[in-house]
Ligand code: GLC
């Protein structure tokens, strides 16, 4: 039929006709997107992806579900990216992975797409840069916080000593198995908890000049306080030394503890009275501190980045741009209670009543959150620290010796690699 008509058709029009005829759904661009997707998070994401596909005919998005545990997800990504696989096209990254993946050449720089970097919290942008280029856009911000039982305590403890006293008393009075619980397994989560104790005691992992100071007297005091909370005060159960976020949440949700340290995602889940025994009986506060430090929240969260070997960079950026727009971020915040990375959203009424604390306070906490060192060797630094922290917390080594060993190994690692950002791609 087409051939019969060609004699009377202009060649350009013919070409257009052929191209249109060739376009079938099977030749749509297929983007693969790896993210965590469980429960309500999966539902919101599916809704957003469906809207994106409806608005972008010819692009299909397929989800690749990855493990939720930070270290396991990283391992999987490293396997995929190291093999130079073009899939997944879009990756949900932990805030600490971007420099490493960028320096390895695994991510596509986003600068040519002119991303609106000034619309995001500056610290989240800084964490996603390497060698002067931006490699990921923030999707949501995590800050570590103290969850406390309003039916057992009159107010949140402000110091670590007060935390121990209040928790011990409340635990005995209410005959609960646990006082205070946190992520103590040997994985990234332990480093985030330590960083909060560390800030509370006035210490740092790395100072402003990039020197490792994790063996300072303040750091030794912080780690000693964590250890003493387990063995001297008995407020923290030794079982936390195998727990990650979800085990901690389940114990708190089942009404077994007075306080817990966790991320914002837990709030909505704990408020669900169908699943939680503590719905309506808890609140959140900043972690405690000592007079030498200040209440500290570790900066965490997820970013969206493009696989350097994708076949569809433009479409991949379109999806990232879509998912990080204000409407999508507000929808996620309302449904999941997670914190959007765009400061402007915290003004006005868009997020009113969405979080346990007013939006301007959330913004204040995010702006003061403490990042982990931004370096392509962060995973290795963290690995060294995780071993030392865990050794001290399981009483295989005292905190001073454990941190001295860690500091030595971390310094040696930094000396072995050239860390100047100019050495990046
Ligand atoms: C959360 C945070 C992430 C952190 C991880 C540790 O997922 O967003 O930044 O590394 O917890 O378990």
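Does residue 322 satisfy the condition of being surrounded by 16 or more Cβ atoms within 10 Å (Cβ to Cβ) and outside the structural domain of residue 52 (by TED's automatic domain parsing)?
No; evaluated as a whole, the condition is false for this residue.
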request  = Scan the range 242-253 residue by residue and report those that are surrounded by fewer than 20 Cβ atoms within 10 Å (Cβ to Cβ) and more than 15 Å from the ligand (Cβ to nearest atom).
outcome  = 250
note = Filter the range 128-148 for residues that are more than 13 Å from the chain's Cα centre (by Cα) and more than 20 Å from residue 102 (Cα to Cα); the one that is surrounded by the fewest Cβ atoms within 10 Å (Cβ to Cβ) is 146
query = Got a number for residues in the range 32-68 being loosely packed, with under 14 Cβ neighbours inside 10 Å and within 16 Å of the ligand (Cβ to nearest atom)?
reply = 4
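Within the group 291, 315, 279, which residue is more than 29 Å from residue 372 (Cα to Cα) and surrounded by fewer than 16 Cβ atoms within 10 Å (Cβ to Cβ)? Give the steps one after another, and end with the answer.
Working: 291 fails: more than 29 Å from residue 372 (Cα to Cα); 315 fails: surrounded by fewer than 16 Cβ atoms within 10 Å (Cβ to Cβ).
After ruling out the rest, the residue left standing is 279.
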ask   = Yes or no: residue 174 surrounded by fewer than 22 Cβ atoms within 10 Å (Cβ to Cβ) and either touching a residue at least 12 places away in the same chain (Cβ under 8 Å) or over 19 Å from residue 337 (Cβ atoms) (or both)?
value = yes
ask   = residue 91: touching a strand residue (DSSP E or B) at 6+ places or on another chain (Cβ under 8 Å), over 28 Å from residue 266 (Cα atoms) and surrounded by 20 or more Cβ atoms within 10 Å (Cβ to Cβ), yes or no?
value = no
task = Kindly establish whether residue 125 is within 16 Å of the chain's Cα centre (by Cα) and more than 15 Å from the ligand (Cβ to nearest atom).
result = yes
ask   = Could you give every pair whose Cβ atoms fall below 6 Å, whose first residue belongs to the range 206-224 and is at negative phi and assigned to a helix (DSSP H, G or I), and whose second residue is surrounded by fewer than 18 Cβ atoms within 10 Å (Cβ to Cβ) and at pLDDT 95 or above, counting only separations of at least 6 or pairs across chains?
value = 220/400
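The values are calculated or read from the model by the stated rules, or taken from the named source; none is laboratory data. As the structure is a prediction and not an experimental result, all values here were calculated from the model. Cβ: placed from backbone, ideal geometry, glycine included. Neighbour counts: every protein chain shown.
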